[in-house]
1. Stretch Gln188-Leu146 to full length: gain in nm at 0.36 nm per residue minus the Cα-Cα span?
2. For Ala64 paired with Asp202, estimate the spin-label separation in nm (one decimal), with each label point 7 Å from Cα along the Cα-to-Cβ line.
3. How high is the relative contact order of region 22-74, in percent, counting Cα pairs under 8 Å that sit 6 or more residues apart?
4. Between Trp224 and Leu97, how many nm apart are label points set 7 Å from Cα along the C-beta direction?
5. Size of the dipole of region 151-246 about the Cα centre, Lys and Arg at +1 and Asp and Glu at -1 on the beta carbon, nothing else charged, in debye to 20?
6. How high is the relative contact order of region 3-122, in percent, counting Cα pairs under 8 Å that sit 6 or more residues apart?
7. Got a sec? Which residues in region 92-131 would a label at Glu15 touch, if it sits 7 Å along Cα→Cβ and we count backbone N under 19 Å?
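Nothing in this text is a laboratory measurement; each read-out follows from the coordinates by a stated rule. In this text, all values refer to a predicted model and were calculated from it rather than measured experimentally. With ideal geometry, Cβ positions are generated from the backbone for all residues, glycine too; neighbour counts draw on all protein chains shown.
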Amino acid sequence: MTDHAAHTVLVQPPELPGRPRAALLELGPGQLASFGRTVAGGPTGIAIADPAVSRLAGEIRATADHWLLSNLSRDTTYVVENPEGGGEYLKVAPRRLGAPVPFEFARLLVPASDGFVALNVYAPQHRYADQQDQGGGEPTCRLFALDESAKYFLVLVALCEPRLRDLPSPAAVPTATQIAVRLRPLPQCADLTRSAVNFHLDYLAGPKLRLRPGHAEPAQRMEWKREALAALALRIDLVREEHLALLPALRTAVPPP
């Protein structure tokens with residue numbers, strides 16, 4: 001990859017009914033693309049022909065390694081989703097200028113008359129520091145040491161799966177019964193029961209991740225525990241998209257709670 005490609009932000013205009021997909025816009029550092037109802041489409045503009053979208057709705061500006069979003073509407077909040085991040089998103093308030101977007105791949109949602117208009121934005125690959133020896137002294141302990149080959153980790157991945165896949169679900173997180181059914185096709189989980197799943201969840205919430213218990217009835221406390229485990233695991237990347245490969249092939253049918 002060349003240095004030019006490494007610092008290019010790519011913007012994919014929204015699909016419009018009855019029209020061919022527009023070409024990607026390439027933005028180098030310092031360049032910007034405007035979007036809105038009266039913006040002319042082309043190399044530096046994205047036209048959104050919707051009466052509910054502002055005439056000049058916003059701007060996307062590329063920098064060396066990320067991009068900035070300016071919301072130029074008077075009263076509409078924009079949402080930027082991370083499709084690869086298990087539910088991560090940020091909100092950009094009306095008239096907010098230069099909000100930095102930290103996602104390598106992002107979906108900008110602009111409210112419109114019939115739902116949202118979506119613009120996909122591809123940022124340069126993130127840069128990371130090299131692993132360096134920090135010298136002598138006591139080594140830093142791992143805060144959350146999880147064994148990715150253990151059965152409790154499979155339970156945690158199954159707990160986070162709907163949010164990682166952005167699956168529609170009547171429940172915020174799977175129940176213990178749903179997790180057991182989801183994992184039983186695996187040889188090591190063929191005899192997994194609801195009680196065993198709850199045991200693994202207790203182990204994760206206690207010694208492993210050290211969650212503080214909620215002050216609620218037992219049934220509500222278990223629901224809170226599942227919610228809190230999924231939220232923590234996804235927030236700090238203990239479970240990531242690549243971990244979904246540990247699960248059985250996904251079936252379309254969802255087991256009852």
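1. 13.3 nm
2. Here the modelled spin labels are 5.3 nm apart.
3. 33
4. For Trp224 paired with Leu97, the spin-label model returns 4.5 nm.
5. Roughly 180 debye for region 151-246.
6. Normalised by residue count, the contact order of region 3-122 is 22 percent.
7. 106-122
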